[in-house]
Structure formats: C-alpha cells, structure tokens
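In what follows, a single structure is set out as structure tokens and then discussed.
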Amino acid sequence: MKEKNSFRIKGGKKISGTFTPRGNKNATLPIIAASLLTDKEVIINNVPRIHDVQFMLELIGTIGVDWSWLENNKIRIRAENIKTTTLDTFICSKIRASILLAGPLLSRCGKVKVPPPGGDVIGRRRLDTHFQAFKAMGVKCELDGNYYALSTKNSLHGANIFLDEPSVTGTENTLMAASLIPEEIKIKNAASEPHIQDLCMMLNKMGTSIKGIGTNHLEIKGASKLSGTEIDVSSDHIEIASLVAMAAITGGRLKIENIDKEYLYPILINLKRLGIDVSISGNALVVDENQILEIQADFQDAIPTIADGPWPGFPADLTSIALVVATQARGTVLIFEKMFESRMFFVDKLISMGAKIVLCDPHRAVVIGPSELRAQHLSSPDIRAGMALLTAASVAQGTSIIDNAHQIDRGYENLDIRLSELGLEIERI
C-alpha cells in the first residue's frame, strides 16, 4: 500500500475554535542534543511528535543513547554509554539538526565524525561559523572522506569568540561545546532566538552558568560534570503565527492557548502591517473573525517592506506565510527574504493559483492584493513553503492537492487532524 503522502484541502471555510500549539521544533532538537552532555537522565516535556524529532532520536540511538517516549509528548533520554562518535550517514542526510551533535560529543568525548547534514533545500547553509568557534576552543577540523572529522588532543579551553554571523545552530553548538569547560567562554554576535533561550535555560539547570540570555553577548562558565534535568519546551511561535495567518485570511475567530507573548512581539508587529489584529490576555491570543485585511503603508503612503532578520527580527521561517497573507490583503507590499536565496522558489505555485506577485530576484517579491486564489495540484518543496501552500489552499476556491506532505510533517504535528478540528476540510490521501 502506498504511503498517504498528500493532503486534499477544500478551501473556503473559516478556521475557528481553540488551538493549543506544540513545542518549538527548533528548541526540541538542540535540547535533545544537549542531553548527551550528561550521563544522567533527562526528561523533556511538550515535545512535538514530528518527523525531524523522530529522526534526531533515531540518530542518537545509533551511537548508544537510550531513549523512550513516556507519554505522547514526553521523552526520556539517558546517554550513559556512548558507543561511537561517528554519526549515521543516512539519518544525517534527512535532518539539518544532525550537526548539533558535534558540540556535545566534542565536549564529552573529545571527537566526532559528522557527515554533511540534510534538511530543507532553501539555499546555502554554511557550517563555517561552527568550525571557527570550535577552532577557537582548541578543536582540529578536517575533512575525512565524506565526514567532517573534529577532534581535540587535550580538553577544550576557554576563549573569546566572535561569530562571523549570528548563526542559530552555530551559537547552539558553541554553547554545548562550552558547557563542560570549567573556563570562561564569551560569545559575541550570538544568535538569540527563542529556541536558543530555551537551550540556555536547560544548560543552566544542568549546572552550566550562562549570562546574557536573550542578547547577542553570552558568557558561559561550564562545569566538569553536568546533572540530569527536566525541561519544558516552549510553544512554537512559528506554528502560532501560521495559525494566526490561516484564521485571519479565512475570516475565522481563533483562540490560541499556552503562548509566550514575549516571543510573539517581533512577529505580530509585522502581521499587523498586513492588516491582522490580535488581542492577548494572559497566555492566550485571540484572532477576531471577519477581519478586513489592508496593508499599512509606510509614512507618506510609501510601499512597506516586510524583511526577515536575526532575532528579534521577523523570523525567516515566516516569510512564506507573510507572502500568502499579503495575497489576501488590500494594497502592495515588498517581502524581502534576506537570509536564504531559495526560500522564494515556491512563489510560482502561488502565481498559478491566481496571486498577483512579481518575483524581483531570489530574495524579493512584490505582492499586490487581494487576489482570489484558485485550487491547484501542488507539491511542498520544504516545511515552511509547504505550510504556506496549505494556508493558501485553505482560502482558495475549490479542492487543492498538496504532495510531499511529509515535508510539512517534519515541522507540524498531526496538522491534518488538528486543522480538521478547527473546520478545515483536509484529509490525507
């Protein structure tokens, strides 16, 4: 029997009700990696049951780490006996986050062999920042066949590190490598995304001292041995924003619970420029129904720009969603994807649905709205473009098919079931 790897969506219904987001995928993956820094038990709560998490768990299992699901969204990990520091080539080809095992294995075992990581094809995703930070701490970085061979003759040492770019995974790897060094490590130009803040809080609970959490200047004082811990993954701000967008363009009223509003401000200010209004009370967010979406012009009626950037800038993972919202809002806006040169390569699919978009170059698109979208047979090229196409299908007239549903499954847990409960006509086929 063929795998059900496509979504069938009939557009035109309001997305309404109450939605509880899952844990942040991009926090869960480095937290799983950080569990290798100790031989004690680590419990992780609010874990999304998605493909990328399963790949990461299978990968650590191949090197001897014991793990198990305790509940539907809760896992137990114990890295008491690490049998090898050479990572499985096939699994690494499936997931970008495999590179995150380099930091903890270097810190704990002094060596690691990592094949080139896989993940979304959204442009060049360099690893130089990782290697520069490792070298500053005393790591020798070589190419051994199809592996990056990283090792240190002695233990890692303290350093002042200036990252050549605020790389999220580069910052995470540096933090984990530094956590077992009882000397001071300073990281400047560090990334500060919500998922990095989650990782820092976990490492502090295990016995590391990290100062400057949430800023681009981190000071780390590691420990010779770290303890086990229990950690709650914060709600996924990308999933929250995706649902806000879908509710707004379909005209529904949606309540989203268990939010962290501090992680949403850089997102909501940009969604408001596309005409989306929300209200927040406590840890709940509400999108009111039947919003009139209108793009807010800049001063003197200039065409506005929504551009991504390192945190607290607008997340690159949401530029695809912003594009779709803009097709349903009255006015003109420039969407500027600065970080990845292939992220915009799904725009032709939106144009085939009837969207009025001018793709200026690989990084910039001008959107003129609103457009009445038509259903199409589409294919998901990556996680975020797939979610954007699903969002477009939710408001399109007719029935759309989206192939490569596994791409969306890599970042969103049981999305078809959860969206069905909110009124979307969606099924796997």
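The values are calculated or read from the model by the stated rules, or taken from the named source; none is laboratory data. On a predicted model such as this, the values are computed, not experimentally measured, just so you know. Backbone-built Cβ (ideal geometry, glycine too); neighbour counts: all protein chains shown. Protein only, heavy atoms only, side chains kept; ligands, DNA and RNA dropped before computing areas. Shrake-Rupley method; radii C 1.70, N 1.55, O 1.52, S 1.80 Å.
Would you call L264 surrounded by 18 or more Cβ atoms within 10 Å (Cβ to Cβ), under 30 Å from L293 (Cβ atoms) and touching a helix residue (DSSP H, G or I) at 6+ places or on another chain (Cβ under 7 Å)? Let's see the steps before the verdict.
Numbers: surrounded by 18 or more Cβ atoms within 10 Å (Cβ to Cβ): yes; under 30 Å from L293 (Cβ atoms): yes; touching a helix residue (DSSP H, G or I) at 6+ places or on another chain (Cβ under 7 Å): yes.
Here the answer is yes, as L264 does meet what is asked.
Does M201 satisfy being in contact (Cβ under 8 Å) with a residue 24 or more places away in the chain, farther than 21 Å from G138 by Cα, surrounded by fewer than 19 Cβ atoms within 10 Å (Cβ to Cβ) and of a type in the set (A, V, I, L, M, F, W, C)?
On the way: in contact (Cβ under 8 Å) with a residue 24 or more places away in the chain: yes; farther than 21 Å from G138 by Cα: yes; surrounded by fewer than 19 Cβ atoms within 10 Å (Cβ to Cβ): yes; of a type in the set (A, V, I, L, M, F, W, C): yes.
Yes: the conditions hold for M201.
Condition first: open to solvent by less than 30 Å² (accessible area, probe 1.4 Å), within 30 Å of P315 (Cα to Cα), at pLDDT 90 or above and part of a loop (DSSP other than H, G, I, E, B). Can you find one or more residues in the range 159-167 that meet it?
Yes, that holds for at least one residue.
From the set of residues in the range 128-158 that are assigned to a strand (DSSP E or B) and of a type in the set (G, A, S), which is farthest from A177 (Cα to Cα)?
A149
Pick from V325, V347, V367, V333: which is out of contact with any Cys (no Cβ under 7 Å at 6 or more places or on another chain), within 21 Å of F7 (Cβ to Cβ) and crowded, with 24+ Cβ neighbours inside 10 Å? Walk me through it before giving the result.
Working: V347 fails: crowded, with 24+ Cβ neighbours inside 10 Å; V367 fails: within 21 Å of F7 (Cβ to Cβ); V333 fails: within 21 Å of F7 (Cβ to Cβ).
The match here is V325.
Taking into account only those residues within the range 244-297 that are charged (D, E, K, R) and part of a helix (DSSP H, G or I), which is farthest from R418 (Cα to Cα)?
The qualifying residue farthest from R418 (Cα to Cα) is R273.
Filter the range 394-429 down to the residues that are in a helix (DSSP H, G or I) and aliphatic (A, V, I, L, M), then identify the one that is surrounded by the fewest Cβ atoms within 10 Å (Cβ to Cβ). Step through it out loud before you land on a result.
If we filter the range 394-429 for residues that are in a helix (DSSP H, G or I), which is where we start, we get 394-395, 405-409, 415-420.
Filter once more, keeping what is aliphatic (A, V, I, L, M): 395, 405, 408, 415, 417, 419.
Working: V395: 26, A405: 23, I408: 23, L415: 23, I417: 11, L419: 21.
So, considering only residues that are in a helix (DSSP H, G or I) and aliphatic (A, V, I, L, M), the one surrounded by the fewest Cβ atoms within 10 Å (Cβ to Cβ) is I417.
Quick check on the range 235-250: of everything there that is out of contact with any strand residue (DSSP E or B) (no Cβ under 7 Å at 6 or more places or on another chain) and open to solvent by 10 Å² or more (accessible area, probe 1.4 Å), which residue is nearest to A316 (Cα to Cα)?
I249
Name the one entry in A316, A322 that is modelled with pLDDT under 95 and either closer than 23 Å to I240 by Cα or more than 25 Å from the chain's Cα centre (by Cα) (or both).
From the options A316, A322, the qualifying one is A316.
Take the conditions surrounded by 18 or more Cβ atoms within 10 Å (Cβ to Cβ) and at pLDDT below 95 and apply them to A97. Does it pass?
yes
Being closer than 17 Å to C109 by Cβ and either in contact with a strand residue (DSSP E or B) (Cβ under 6 Å, 6 or more places away or on another chain) or surrounded by 15 or more Cβ atoms within 10 Å (Cβ to Cβ) (or both) narrows it down to one residue among A191, A223; which is it?
So the residue among A191, A223 that is closer than 17 Å to C109 by Cβ and either in contact with a strand residue (DSSP E or B) (Cβ under 6 Å, 6 or more places away or on another chain) or surrounded by 15 or more Cβ atoms within 10 Å (Cβ to Cβ) (or both) is A223.
Please verify whether the range 46-63 includes one or more residues that are in contact (Cβ under 8 Å) with a residue 60 or more places away in the chain and farther than 30 Å from A396 by Cα.
yes
May I ask you to say which residue of G64, G17, G11 is modelled with pLDDT of 95 or more, farther than 18 Å from S234 by Cβ and buried (at least 17 other Cβ atoms within 10 Å of the Cβ)?
Only one candidate passes the filter, namely G11.
Could you say whether any residue in the range 278-287 is touching a residue at least 40 places away in the same chain (Cβ under 8 Å) and open to solvent by 60 Å² or more (accessible area, probe 1.4 Å)?
Within the range 278-287, the first condition is being touching a residue at least 40 places away in the same chain (Cβ under 8 Å), and the residues that meet it are 285, 287.
Okay, now just the ones that are also open to solvent by 60 Å² or more (accessible area, probe 1.4 Å), so none.
No, every residue in the range 278-287 fails to be touching a residue at least 40 places away in the same chain (Cβ under 8 Å) and open to solvent by 60 Å² or more (accessible area, probe 1.4 Å).
Conditions first: (1) within 23 Å of G103 (Cα to Cα); (2) assigned to a loop (DSSP other than H, G, I, E, B). K13 passes all but one, so which condition is the exception?
Single failed check for K13: (1).
For the range 160-186, which positions are under 24 Å from N24 (Cα atoms), of a type in the set (A, V, I, L, M) and touching a strand residue (DSSP E or B) at 6+ places or on another chain (Cβ under 9 Å)?
Here is the first cut: in the range 160-186, the residues under 24 Å from N24 (Cα atoms) are 165-179.
This time we only want the ones that are of a type in the set (A, V, I, L, M), so: 168, 175-178.
Selection gives L175, A177, A178.
Can you tell me which residues in the range 326-380 are assigned to a helix (DSSP H, G or I) and farther than 26 Å from A302 by Cβ? Steps first, answer last, please.
First pass over the range 326-380, keeping only residues assigned to a helix (DSSP H, G or I): 326-327, 347-352.
Across the range 326-380, the qualifying residues are D348, K349, S352.
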